[in-house]
Each structure stands twice: as structure tokens, then as C-alpha cells.
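The values are calculated or read from the model by the stated rules, or taken from the named source; none is laboratory data. Please read these numbers as outputs of a predicted model, since none were measured by experiment. When we count neighbours, we look across all protein chains shown, and the Cβ atoms used for this are built from the backbone with ideal geometry, even at glycine.
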Amino acid sequence: MADVSSYEHTGDGVERRVLLAGPRSFCAGVERAIEIVERALEQRGAPVYVRKQIVHNVTVVDDLAGRGAVFVEELDEVPDRATVVFSAHGVSPAVRQEADRRGLDVIDGTCPLVAKVHAEARRFAARGDTVVLVGHAGHEEVEGTLGEAPESMVLVSTPDEARELSTAVGGQVSYLTQTTLAVDETAEVVGALKEKFPLLQEPPSDDICYATTNRQAALKAIVAESDLVLVIGSENSSNSVRLVELAHREGTRAELIDRAGDIRPEWLAGVRTVGLTAGASAPPALVTEVVTRLGAFGPVRVEEREIARETVRFDLPSPVRGDTRRTADGRSS
Ligand code: SF4
């Protein structure tokens, strides 16, 4: 953690406690996706195209863009036979087929936990189910999952939408969820589905991923003691936005910030304890920067509350596995 004692106090001089939620920041799927782009740049040289933001964080995207990654919305912006990385959020089969047809050198950055939901969608649809996907319309992950079986799947995001399904679907009904939803709200939607469809088939294990679940539980453990919660993450980061909503639901003021410079002095008026967390796509270094920035307003005392230790790691896909090794500071060598 940054030593803030040497910073000039330009703020109100009030001593504050910073409660750090743990776990926070990068998950295994995000680390893997970033390493895939880094290795592709090292092994193939720039430019390496990336379909959509590799992860939903402006700091990560700006950093990789500065090193030669070219972020595009769709494959028609990628030259034939160029290297393209699919983002952590996954793609639909139609996108894979298009890449094949174009002879693109594809490296798949889809998080294995998103790929698990895709596989479930294919399996449930193949046995004839109507598959209800609980998620947010327009999110890239949802578009990719729906694309696995568009004729068999229906999207809902609220308990009311789930209740309205009763006349729209028939046969065996199963459900899946987006990986980055609010745990509590999703339980309400699933509860409504179970009321309508008592024989509702469940996924074999939770689709909301371990990282989303842990970050929400970690924030819950500090939110009641916090006068203000700061969530580091970008506006399009689903799991980060869910953390802000969780704090609001618990009755605590919360702000989503991309970087330390986004903190407004007026937010800190009357605040003695700042709860601090970061979404799964936000780099850990930003947490250090935010603590440092808070130290410029007045002395800070940092306490960490770690509710779980994460040890999940995912293998890299074979096209970039190579023999590159990580150095002690986590960068590729
Ligand atoms: S938030 Fe979960 S599903 Fe998304 S990349 Fe991270 S581990 Fe994978």
C-alpha cells in the first residue's frame, strides 16, 4: 500500500479511516484476458486486433492500446488474416464462423466461466428446453450466450419479466444467468421463475462467478461501517455497477470512479470512514492511487477486511502459451 504520510494535505485535514474490501480488483478471467493480449503483442508484434474491449476498464484498454492493441467493435474492421483476440465476455457462434470464413488468426480470451455458461446453453437447448437467461439486455456477455441457441432462449432481467413468461414458453424450462449479476437480485428473479415453472431446471453450479460473489460479499462486510463507498471501475463494467447498487441498497452513499482523480472533495464532507473496493476488471494499482489521493485530503488509516482468499487461475489458450514466463512483479518476460 502507498505511503501517504509524505503527501501534502490539500484538503480538509480530517483524519479518515479507509476500509479496504477483500477480495477486490482483478479476477482470474481478467488477468488471463490481459495476458493473452500482452503475449499476442510480444509473439506476433503490433497490431493485434481485439474485438470489443478486452475487459470493461478504460485504464486497461488505454494501456494495451498504447502498446499496439487495436480495439474494434466488429470483425469487418479487422484486415483478412490478421490476429484478433476475442474479449473475456465471449462471442456468439456467428462471430466465430465469420472469423473462420475470413481466415482470421483467432485467440480466444473468453473467460472459462463464461464459456461454461455457453456450454450449458448449448446442452439445455439440445435437449429441447426453453432456456431462460437472466441478464442485462445489450451486455456483450448476454449477446454471446443468447447467440448459442437463439431459437430456444429468452432473456429476462427482473422478477416481473420472469412472471410474464408464463404464457410465452412451454415444455421443459431451464435457466442460466450472466456471470456478473447481483447475487440477491438474481435470487429474486430465479424465485419468480420457480413460482411460474415448478419443474424449472437449474444449472449444475452457480453461473454467477466466484469473483462477482466474493466482491459483493466483501463489500457487504464493510458497507455498514462506511459513510461513503468508492467503487473503482468503469461505467460499462457490470460487476462494478452492481457493487455501487449493493451499497445503495444497504443505505450507504456510493460512487463509481475510474481513477483517483475522479474523487470530488465535496463527497468527503462529513465522511470519517471510506469503504473502498474495485470491480473485477479494475487494476490493483488504481486502489493504491485512490488511497494516496485520499491521503491528500487528510491523514488516512487503512484497514483491510478480507473475507476470502482467491486462488483461482486459468490456463492460457494454446496459441499464446509459448514459453513466456511471468516475472515476480506479475509482468510477462
Ligand atoms: S468476472 Fe467472473 S466471469 Fe467475468 S472474467 Fe472474471 S472470473 Fe470470468
Residues of the range 113-130 being buried (at least 16 other Cβ atoms within 10 Å of the Cβ) and either in contact (Cβ under 8 Å) with a residue 40 or more places away in the chain or not in a helix (DSSP H, G or I) (or both), in sequence order, are L113, V114, K116, V117, E120, A121, F124, D129, T130
Filter the range 62-112 for residues that are in contact with a Gly (Cβ under 8 Å, 6 or more places away or on another chain) and part of a helix (DSSP H, G or I); the one that is nearest to the ligand (Cβ to nearest atom) is P112
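Report the residue count in the range 223-243 for those that are of a type in the set (A, V, I, L, M, F, W, C), more than 16 Å from L294 (Cβ to Cβ) and surrounded by fewer than 24 Cβ atoms within 10 Å (Cβ to Cβ). Let's see the steps before the verdict.
Here is the first cut: in the range 223-243, the residues of a type in the set (A, V, I, L, M, F, W, C) are 223-224, 228-232, 241, 243.
This time we only want the ones that are more than 16 Å from L294 (Cβ to Cβ), so: 223-224, 241, 243.
Adding the requirement that they be surrounded by fewer than 24 Cβ atoms within 10 Å (Cβ to Cβ) leaves 223-224, 241.
Summing the residues that are of a type in the set (A, V, I, L, M, F, W, C), more than 16 Å from L294 (Cβ to Cβ) and surrounded by fewer than 24 Cβ atoms within 10 Å (Cβ to Cβ) in the range 223-243 gives 3.
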- [ ] For S157, indicate whether it is of a type in the set (G, A, S), away from the ligand (no atom under 16 Å from the Cβ) and closer than 24 Å to Q53 by Cα.
- [x] yes
Checked L219, L199, L268 against criteria (among the hydrophobic types (A, V, I, L, M, F, W, C) and in contact with a Ser or Thr (Cβ under 9 Å, 6 or more places away or on another chain)); the one match is L219
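I'm checking my understanding of the structure. Among residues of the range 115-142 that are charged (D, E, K, R) and over 18 Å from S87 (Cα atoms), which one is farthest from the chain's Cα centre (by Cα)? Write out each step before concluding.
The initial filter retains those residues of the range 115-142 that are charged (D, E, K, R), namely 116, 120, 122-123, 127, 129, 140-141.
Restricting the remaining residues to those that are over 18 Å from S87 (Cα atoms) gives 120, 122-123, 127, 129.
Numbers: E120: 20, R122: 23, R123: 25, R127: 30, D129: 28 Å.
Step by step, filter the range 115-142, then rank; the result is R127.
Return yes or no: is A285 over 22 Å from A221 (Cβ atoms) and over 25 Å from the mean Cα position of the chain (by Cα)? Let's see the steps before the verdict.
Numbers: over 22 Å from A221 (Cβ atoms): yes; over 25 Å from the mean Cα position of the chain (by Cα): no.
When the stated conditions are applied, A285 does not pass them.
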When every residue in the range 151-199 that is more than 22 Å from L243 (Cβ to Cβ) and in contact (Cβ under 8 Å) with a residue 40 or more places away in the chain is compared, the one surrounded by the most Cβ atoms within 10 Å (Cβ to Cβ) is Y175
Given (1) within 13 Å of the ligand (Cβ to nearest atom); (2) over 21 Å from R123 (Cα atoms), A192 misses just (1)
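Quick one: is G144 within 15 Å of the ligand (Cβ to nearest atom) and touching a residue at least 40 places away in the same chain (Cβ under 8 Å)? Even if it seems obvious, please write down each step before you answer.
Numbers: within 15 Å of the ligand (Cβ to nearest atom): yes; touching a residue at least 40 places away in the same chain (Cβ under 8 Å): yes.
The answer is yes for G144.
Just the residues that are within 20 Å of D62 (Cβ to Cβ) and either within 13 Å of the ligand (Cβ to nearest atom) or over 15 Å from the mean Cα position of the chain (by Cα) (or both), please, taken from the range 222-235.
Applying the first criterion (within 20 Å of D62 (Cβ to Cβ)) to the range 222-235 yields 231-235.
Matches in the range 222-235: G233 only.
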Of those in the range 9-53 that are of a type in the set (S, T, Y) and at pLDDT 95 or above, the residue farthest from the ligand (Cβ to nearest atom) is Y49
Within the range 251-279, residues part of a loop (DSSP other than H, G, I, E, B) and either on the phi > 0 side of the Ramachandran plot or among the small types (G, A, S) (or both) come out as G251, A269, G270, G279
If we keep only residues of the range 244-283 that are surrounded by fewer than 23 Cβ atoms within 10 Å (Cβ to Cβ) and among the small types (G, A, S), then the residue nearest to the ligand (Cβ to nearest atom) is A254
Scanning the range 34-61 residue by residue, those more than 19 Å from V320 (Cβ to Cβ) and in a helix (DSSP H, G or I) turn out to be V58, T59
When P198 is run through (1) modelled with pLDDT of 95 or more; (2) closer than 30 Å to G171 by Cβ; (3) not basic (K, R), the failure sits at (1)
